[in-house]
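Heads up, the thing below is written out as structure tokens.
The values are calculated or read from the model by the stated rules, or taken from the named source; none is laboratory data. Source: prediction; values computed, not measured. Counting neighbours? That spans all protein chains shown, and the Cβs are built from the backbone with ideal geometry, glycine included. Surface areas here come from the heavy atoms of the whole protein model, side chains and all, with no ligands, DNA or RNA. Shrake-Rupley method; radii C 1.70, N 1.55, O 1.52, S 1.80 Å.
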Amino acid sequence: MWKVPLFDCSLGAEEKQAVLEVLDSGWLTMGANTRALEEEFARLCGARQAIAVASGTAALHLALLAIGIEPGDEVIVPSLTFSATANAVIHAGGRPVFADIGGDHDLNIDPEAVEAAITTRTRAILVVHYGGYPCDMPVLRRIADRHGLRLIEDAAHAPGARLPEGACGALGDVGCFSFYSNKNMTCGEGGMVTTDDEALAATVRLLRSHGMTTSALDRHQGRSSSYEIVAAGLNYRIDEMRAALARVQLGRLVERNAERKRLDALYREGVAGIDGLGMPFASGPAHDGSCCHVSGVLLDPGLDVEAFRTSLREDGIQTSHHYPAVHLLHWYREHMDGREGTLPRTESASLRQVTLPLYPGMGADRVALVIDGMKRAIARQTVAERA
Ligand SMILES: *Cc1c(COP(=O)(O)O)cnc(C)c1O
């Protein structure tokens, strides 16, 4: 087993109790817990509407369908993200167009690269708040408005992250969250769509449940005896067990994000003393407003990333990679003409990025173990180089 695992979702008695109460209630899907979760999550973001769904991918797919993406429409996305961001564009019938990141200091999509990627077919900009660090939304908003484009946030990493202008999920036209097990709040599988736009919200609600005009709850409570299908919808509903679990997690989110931030600050302090390593988002509004989903280092060019990760593994420290560049993954090479050299800053950072363990309850002692492990990993390389 790992001395320091990458993450630990640490579910407690309250989560168990919440799920058991749902089982005792006999109402298993889209009921009181789902409604309460939506209200509570909307409050967190300062958004008018929140719609709970089956996953972060479902949230992205619904958001893209709701803004009316049609075959041939281009959606600008980052490549330094989880593949679901781009996959969702494909499933909505659009074409993802990749834009580069800011650089080693800023792993978010670069607004200038976004503007340069706009064509007559562009319909939307889909940004990702990498690692919980908010993108430059005021600048992206101005670009979107200037070109008449929709602005979507993939906020899978960013529940509770904020800029002075507002919380992630309420900064674009629509926000998409994931409650997958390794995210800042989880219910196993789940997601959320947020928006201030009542029409968009109504479309998302409709498509979430088959395009049906009434819900099972309406029929159960005698408010309706039949239904119409007004759109060819999907089943992206969340169930009550997950909604209840997510509500408990949401109640702890602010406190747990603050703990992540303290751990991230300890990493930053430690990494500052190690030659050959850097951490992105060192300062500015993205740093200040981050919910610290990912703490990672970038190795200086020339260092051996595999050897670095192997050395940490031998010390019992688990690491990860956020992310292999999407445009260079097999399907994107085959079908979207993904090629090396097209996104130089993304490709360079992706090859040198290593994600460190980070989770509430990890404690300063485990951070110190990781920092010692990184020192050893770098020292081994410099010795090997000299030999
Ligand atoms: C996790 C994640 C998703 C997908 O969420 P699921 O709930 O796993 O479908 C999308 N985008 C990003 C950036 C993610 O990290």
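List, please: which pairs have Cβ atoms under 7 Å, are six or more places apart or on different chains, and start with a residue in the range 284-306 that is part of a loop (DSSP other than H, G, I, E, B) and end with one that is aliphatic (A, V, I, L, M) and surrounded by fewer than 18 Cβ atoms within 10 Å (Cβ to Cβ)?
none
Does LEU44 count as within 16 Å of the ligand (Cβ to nearest atom) and open to solvent by 20 Å² or more (accessible area, probe 1.4 Å)?
Judged against the criteria, LEU44 is not a match.
Sort out which residues of the range 329-347 are open to solvent by less than 10 Å² (accessible area, probe 1.4 Å) and in a helix (DSSP H, G or I), and write them in order of number.
Matches in the range 329-347: TYR332, THR346.
Restricting to the range 365-387, and then to whatever is at pLDDT below 95 and either in contact with a helix residue (DSSP H, G or I) (Cβ under 7 Å, 6 or more places away or on another chain) or not aliphatic (A, V, I, L, M) (or both), can you tell me which residue is least open to solvent (accessible area, probe 1.4 Å)?
Only one residue tops the list, namely GLN381.
Give the residues of the range 187-225 that are at pLDDT 95 or above and open to solvent by 40 Å² or more (accessible area, probe 1.4 Å), sorted by residue number.
Within the range 187-225, GLU189, ASP196, ASP197, GLU198, ALA199, ALA202, THR203, ARG205, LEU206, HIS210 meet the criteria.
Against the definition (of a type in the set (Val, Ile, Thr) and surrounded by fewer than 17 Cβ atoms within 10 Å (Cβ to Cβ)), how does THR81 come out, yes or no?
For THR81, the condition - of a type in the set (Val, Ile, Thr) and surrounded by fewer than 17 Cβ atoms within 10 Å (Cβ to Cβ) - is not met.
Among the numbered conditions (1) within 16 Å of the ligand (Cβ to nearest atom); (2) open to solvent by 10 Å² or more (accessible area, probe 1.4 Å), tell me where ARG146 comes up short.
The failed condition is (1).
Identify all residues within the range 307-328 that are surrounded by 23 or more Cβ atoms within 10 Å (Cβ to Cβ), farther than 24 Å from LYS3 by Cα and aliphatic (A, V, I, L, M); write none if there are none.
Within the range 307-328, ALA325, VAL326 meet the criteria.
Return the residue satisfying two criteria in turn: it lies in the range 117-136 and is more than 16 Å from the ligand (Cβ to nearest atom) and open to solvent by less than 40 Å² (accessible area, probe 1.4 Å), and of such residues it is nearest to SER295 (Cα to Cα).
ALA117
For the range 158-186, enumerate the residues that are assigned to a loop (DSSP other than H, G, I, E, B), open to solvent by 10 Å² or more (accessible area, probe 1.4 Å) and within 14 Å of the ligand (Cβ to nearest atom).
Within the range 158-186, SER181, ASN182, LYS183 qualify.
Do any helices (runs of 4 or more DSSP H) entirely within the range 1-115 hold 2 or more residues that are in contact with a Ser or Thr (Cβ under 7 Å, 6 or more places away or on another chain), and if so, which?
32-45, 56-66, 84-91
The rows are residues; the columns are (1) within 16 Å of the ligand (Cβ to nearest atom); (2) open to solvent by 40 Å² or more (accessible area, probe 1.4 Å); (3) over 18 Å from the mean Cα position of the chain (by Cα); (4) without any contact (Cβ under 8 Å) to a residue 12 or more places away in the chain.
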| site | (1), (2), (3), (4) |
| --- | --- |
| GLU14 | no, yes, yes, no |
| SER25 | no, yes, yes, no |
| LEU28 | no, yes, yes, no |
| GLU40 | no, yes, yes, no |
| VAL53 | yes, no, no, no |
| LEU62 | yes, no, no, no |
| GLY103 | no, no, yes, no |
| GLU115 | no, yes, yes, no |
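Condition check: surrounded by fewer than 21 Cβ atoms within 10 Å (Cβ to Cβ), over 16 Å from GLU21 (Cβ atoms) and touching a Pro at 6+ places or on another chain (Cβ under 7 Å). Does GLU228 satisfy that?
The answer is no for GLU228.
Does GLY68 count as modelled with pLDDT under 95 and farther than 30 Å from ALA282 by Cβ?
Criteria not met by GLY68.
Out of everything in the range 1-46 that is touching a Leu at 6+ places or on another chain (Cβ under 8 Å) and among the small types (Gly, Ala, Ser), what residue ends up being farthest from ASP239 (Cα to Cα)?
ALA18
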